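> Encoded as structure tokens, here's the structure I'll be asking about.
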Amino acid sequence: MADASDRSVDKAAQEMIARAQDDDIGLAWDRYDAMQPQCGFGQLGICCRICHMGPCRIDPFGDGPQEGVCGATADVIAARNLVRMVAAGAAAHSDHGRDVTHALLQAAENPEGSYLIKDEAKLLWLAEEFDIPTDGRQTNEIAAELAHKALEEFGRQEGEVIPTHRAPQPRQELWRRHKIMPRGIDREIVQIMHQTHMGVDADYRNILMQGLRASLADGWGGSMLATDLQDVLFGSPEPIRSQTNLGVLKEDYVNIVVHGHEPALSEMLVEAARSQKMLAKAEQVDAKGINLAGMCCTGNELLMRQGIPSAGSFLMQELAVLTGAVDAMVVDVQCIMPALADLSPSFTTKLVTTSPKAKMPGVEHIEFSEDEAMVVAEQIVAAGIENFPNRRDSRVQIPDHVMDLIGGFSAEYVHTMLGGRFRPSYRPLNNAIIEGRIRGVAGVVGCENPQIPQGYGHVTMAEELIKNDVLVLVTGCSALADARAGLLQPDAALEMAGPGLREVCEAVGMPPVLHVGSCVDNSRILIACCNVLLEGGLGEDISDLPVAGAAPEWMSEKAISIGFYVVGSGIFTVFGTPHPVLGSENVTRFLCEDMEEIVGACFAFEPDPIKAAQLMIDRMNRKREALRLEPMMYAEAAST
Ligand code: NFS
Ligand code: SF4
């Protein structure tokens, strides 16, 4: 039997994995093992199912067929498959953005409804960007017009996706020159689907360029709008204390876990769970109260705005159910394992689906709609409370592991954090980089994957980076893995940071690993880069900056879209396991070399997180040299 420590670096996860083994319950890791050996054609990206003359597959050893029935080569097949992943990922993020826009419209048109506008300053800032007059107008009117204009970004046919204009001028010009400036969010995704239909594009480079264009529509469009409009509706995050790991579940409370990605419903669940009406109901079933906990990115959204504790990340979803203490698990969209449907009843967890886009056979569906958000939220909380008496106490086992953390660093907040309330500015960050206290900034993001011990890639990489004076920004499941390891705690983490980074962090009281949110909030990292450039002294374009990105344990199509827009924005990015393209030398070379000449950055694939961190550090060092920045202030940190 596999050792639990080979499956996760986290103690709580190990405890639940061992419990599953004792009870003979299969988890993602077991299903992964049962799947071995996985299909080599699929892994190499050279299996094509695009038309019904196929499926076709290219022989990677050169003895068998080198073309599909239509004549498509490994290059075409691998490129098409990859950009279809971009299309799906960009669609997921952007559809999330669209739903938030509907919630904003709801708030604007129905002031008596469930949603309020919490960040008026951000609303006004966005109104200016979208050319919406604000003088003498009501907040609601402005919000309604913004929602309509934001919706147009999805369906726009010509022109340029408006938030792309936040990118530095040289970057915008580069996108125009290479014809990858996105026109409309949906349009670029649709074009991928058309371009990769049987018998359309047979030029792998042209296919991959459209992948870049659609991904930019995600990063600088769909995801960015999701982030911004969520801030308008639910408030812009500010640093907040919270906790994470399975130990946040409470034995005597009704535990409701919210899992998925969108805060529109879960924000209402927070309110419902705090309401007198629901608390009284919980008392009736002898519960001490209602304990809401997050999972995956819905969890990240609630954590950074409301301080709601997070029970865990992607590979913890089954483990949370295994505690036997989850009375309801409420899911919306994305990263929800179908396996939950079978697992939940054996541990008296009531699973509730809420999105018309994400149902499961045999699972109760309480459909969420923006116009009766609070009614639905109360219904769901009530379902959790009613399920509490069904709990079998003898089966409850909550791992005794909880970690404190600080989350909620937005790009805007960095102004205040570093410059102070009176003189908000990025100057101190820029100076710290210029003077060689901070070597550079890394964004470490993305999923978990049973191919890698859970958290090993994220935590090892983050530790190696901070040791080398690299400020680390984290989102999504990466943020939660680091949080469990204590890296989002200022004190603990500072002991591990290099001397220059430690000095800066101590001066402003921030952790060296900053939680900037969920996966759509990777857009905040792009904005932070823009702010650094605007502050001056570090070049003209994002590709000049000593920055790098990484997704050490990625699995989802969204991660491919993120990788594409990050590289397309000029940031070198390392993926832990390779994209499924190695069956085509040309596509691999395009991603890992040629893109450098086109967008000023490229991908690298490196499974060892320490080596991957070194690649990122090398990149930062070269950018520092090109900018003629001072040598790192403390020489010993420079050599590891
Ligand atoms: Ni990002 Fe967040 Fe996690 Fe991966 Fe899934 S939850 S959107 S896709 S698994 S990081
Ligand atoms: Fe085969 Fe070409 Fe059809 Fe793909 S598109 S399945 S390679 S015939």
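The values are calculated or read from the model by the stated rules, or taken from the named source; none is laboratory data. Quick caveat, the model's predicted, so the values are computed rather than measured. Quick reminder, even Gly has a Cβ in these numbers, built from the backbone with ideal geometry, and neighbours come from all protein chains shown. What goes into the accessible areas is simple: the full protein's heavy atoms, side chains included, and nothing from ligands, DNA or RNA. Shrake-Rupley method; radii C 1.70, N 1.55, O 1.52, S 1.80 Å.
> Looking at segment 202-257, which of the residues that are over 30 Å from Asn586 (Cβ atoms) and of a type in the set (Asp, Glu) is most open to solvent (accessible area, probe 1.4 Å)? Walk me through it before giving the result.
First pass over segment 202-257, keeping only residues over 30 Å from Asn586 (Cβ atoms): 224-257.
Of the ones still in play, those that are also of a type in the set (Asp, Glu) are 228, 231, 238, 251-252.
Values: Asp228: 9, Asp231: 0, Glu238: 91, Glu251: 117, Asp252: 71 Å².
Selected residue: Glu251.
> Which helices (runs of 4 or more DSSP H) sit wholly inside segment 34-146 and have at least 1 residues that are of a type outside the set (S, T, N, Q) and within 16 Å of ligand 1 (Cβ to nearest atom)?
74-109
> Against the condition under 22 Å from Ser518 (Cβ atoms) and open to solvent by 10 Å² or more (accessible area, probe 1.4 Å), how does Gln276 come out, does it pass?
no
> Quick check on Cys505: is it modelled with pLDDT under 95, surrounded by fewer than 24 Cβ atoms within 10 Å (Cβ to Cβ) and in contact with a helix residue (DSSP H, G or I) (Cβ under 7 Å, 6 or more places away or on another chain)?
Yes.
> Report those helices (runs of 4 or more DSSP H) wholly inside segment 561-640 carrying at least 3 residues which are surrounded by fewer than 15 Cβ atoms within 10 Å (Cβ to Cβ).
Working: elements: 585-589, 595-599, 609-626, 635-638.
Of the helices (runs of 4 or more DSSP H) lying wholly inside segment 561-640, those with at least 3 residues that are surrounded by fewer than 15 Cβ atoms within 10 Å (Cβ to Cβ) span 609-626.
> Let me ask something else. Assigned to a helix (DSSP H, G or I) and not aliphatic (A, V, I, L, M): is that true of Glu238 in this structure?
Details: assigned to a helix (DSSP H, G or I): no; not aliphatic (A, V, I, L, M): yes.
Criteria not met by Glu238.
> Looking at Lys179, Lys250 in this structure, which one is part of a loop (DSSP other than H, G, I, E, B), more than 25 Å from the chain's Cα centre (by Cα) and closer than 25 Å to Gly408 by Cα?
Values: Lys179 fails: closer than 25 Å to Gly408 by Cα.
Every option except Lys250 fails the conditions.
> Return the residues of segment 40-75 that are in contact with a Lys or Arg (Cβ under 9 Å, 6 or more places away or on another chain) and free of Cβ contacts under 8 Å to residues at least 60 places away in the same chain; say none if nothing qualifies.
Cys47, Cys48, Pro55, Cys56, Gly64, Pro65, Gly68
> Does at least one position in segment 417-425 carry a residue that is buried (at least 23 other Cβ atoms within 10 Å of the Cβ) and among the hydroxyl-bearing types (Ser, Thr, Tyr)?
Looking only at segment 417-425, we keep the residues that are buried (at least 23 other Cβ atoms within 10 Å of the Cβ), and these are none.
The answer is no, given that none of the residues of segment 417-425 is buried (at least 23 other Cβ atoms within 10 Å of the Cβ) and among the hydroxyl-bearing types (Ser, Thr, Tyr).
Per-residue answers, yes or no, for (1) charged (D, E, K, R); (2) closer than 30 Å to Met53 by Cβ; (3) outside the structural domain of Leu105 (by TED's automatic domain parsing):
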| site | (1), (2), (3) |
| --- | --- |
| Glu173 | yes, no, no |
| Arg177 | yes, no, no |
| Thr196 | no, yes, no |
| Ala202 | no, yes, no |
| Gly221 | no, no, no |
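> Here's a follow-up. Here are Gly583, Gly600, Gly539: which of them is within 16 Å of ligand 2 (Cβ to nearest atom) and over 23 Å from the mean Cα position of the chain (by Cα)? Lay out the reasoning, then the answer.
On the way: Gly600 fails: within 16 Å of ligand 2 (Cβ to nearest atom); Gly539 fails: within 16 Å of ligand 2 (Cβ to nearest atom).
Among Gly583, Gly600, Gly539, only Gly583 is within 16 Å of ligand 2 (Cβ to nearest atom) and over 23 Å from the mean Cα position of the chain (by Cα).
> Hey, another quick one. Take the residues of segment 480-528 that are away from ligand 1 (no atom under 14 Å from the Cβ) and of a type in the set (Val, Ile, Thr): which is nearest to Gly307 (Cα to Cα)? So that I can check it myself, show each step before the final result.
Step one: of segment 480-528, the residues away from ligand 1 (no atom under 14 Å from the Cβ) are 485-514, 526-528.
This time we only want the ones that are of a type in the set (Val, Ile, Thr), so: 504, 508, 513, 527.
On the way: Val504: 25, Val508: 21, Val513: 18, Ile527: 23 Å.
The qualifying residue nearest to Gly307 (Cα to Cα) is Val513.
> Also, quick follow-up: May I ask you to list the residues in segment 567-597 that are out of contact with any Phe, Trp or Tyr (no Cβ under 9 Å at 6 or more places or on another chain) and closer than 24 Å to Arg624 by Cα?
Across segment 567-597, the qualifying residues are Gly570, Ile571, Glu593, Asp594, Glu597.
> Can you tell me which residue within segment 145-190, out of those that are of a type in the set (D, E, K, R) and closer than 18 Å to Cys529 by Cα, is least open to solvent (accessible area, probe 1.4 Å)?
Initial filter on segment 145-190 (of a type in the set (D, E, K, R)): 145, 149, 152-153, 156, 158, 160, 166, 171, 173, 176-177, 179, 183, 186-188.
Next, from what is left, pick out any that are closer than 18 Å to Cys529 by Cα: 166, 171, 173.
Details: Arg166: 40, Arg171: 1, Glu173: 94 Å².
Out of the qualifying residues, it is Arg171.
> In segment 373-419, what residues are more than 26 Å from the chain's Cα centre (by Cα), charged (D, E, K, R) and at pLDDT 90 or above?
The answer is Glu378, Glu386, Arg391, Arg392, Arg395, Asp400.
> On to the next question. If you go through segment 77-99 one residue at a time, do you hit one that is buried (at least 22 other Cβ atoms within 10 Å of the Cβ) and within 9 Å of ligand 2 (Cβ to nearest atom)?
Yes, that holds for at least one residue.
> Can you tell me which of Ala325, Ala320, Ala341 is away from ligand 2 (no atom under 16 Å from the Cβ), at pLDDT 95 or above and open to solvent by 20 Å² or more (accessible area, probe 1.4 Å)?
Of the residues listed, the single one that is away from ligand 2 (no atom under 16 Å from the Cβ), at pLDDT 95 or above and open to solvent by 20 Å² or more (accessible area, probe 1.4 Å) is Ala341.
> Of the residues Thr73, Thr134, which is surrounded by fewer than 22 Cβ atoms within 10 Å (Cβ to Cβ), away from ligand 2 (no atom under 16 Å from the Cβ), more than 26 Å from the chain's Cα centre (by Cα) and of a type in the set (Val, Ile, Thr)?
Numbers: Thr73 fails: away from ligand 2 (no atom under 16 Å from the Cβ).
From the options Thr73, Thr134, the qualifying one is Thr134.
> Name the single residue that is nearest to Asp218 (Cα to Cα) among those in segment 542-560 being open to solvent by less than 10 Å² (accessible area, probe 1.4 Å) and either more than 15 Å from ligand 1 (Cβ to nearest atom) or at pLDDT below 95 (or both).
Applying the filter and picking the extreme gives Ile542.
> Tell me whether segment 452-469 contains one or more residues that are open to solvent by less than 10 Å² (accessible area, probe 1.4 Å), closer than 27 Å to Ser561 by Cβ and not in a helix (DSSP H, G or I). Break it down stepwise before answering.
If we filter segment 452-469 for residues that are open to solvent by less than 10 Å² (accessible area, probe 1.4 Å), which is where we start, we get 454-455, 457-458, 461-462, 465-466, 468-469.
Subset that is closer than 27 Å to Ser561 by Cβ: 454-455, 457-458, 461-462, 465.
Narrowing further to those that are not in a helix (DSSP H, G or I): 454-455.
Taking every residue of segment 452-469 in turn, at least one turns out to be open to solvent by less than 10 Å² (accessible area, probe 1.4 Å), closer than 27 Å to Ser561 by Cβ and not in a helix (DSSP H, G or I).
Yes or no, residue by residue, for (1) more than 21 Å from Val396 (Cβ to Cβ); (2) within 13 Å of ligand 1 (Cβ to nearest atom):
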| site | (1), (2) |
| --- | --- |
| Gly307 | yes, no |
| Leu319 | no, no |
| Leu322 | no, no |
| Val333 | yes, yes |
| Ile336 | yes, yes |
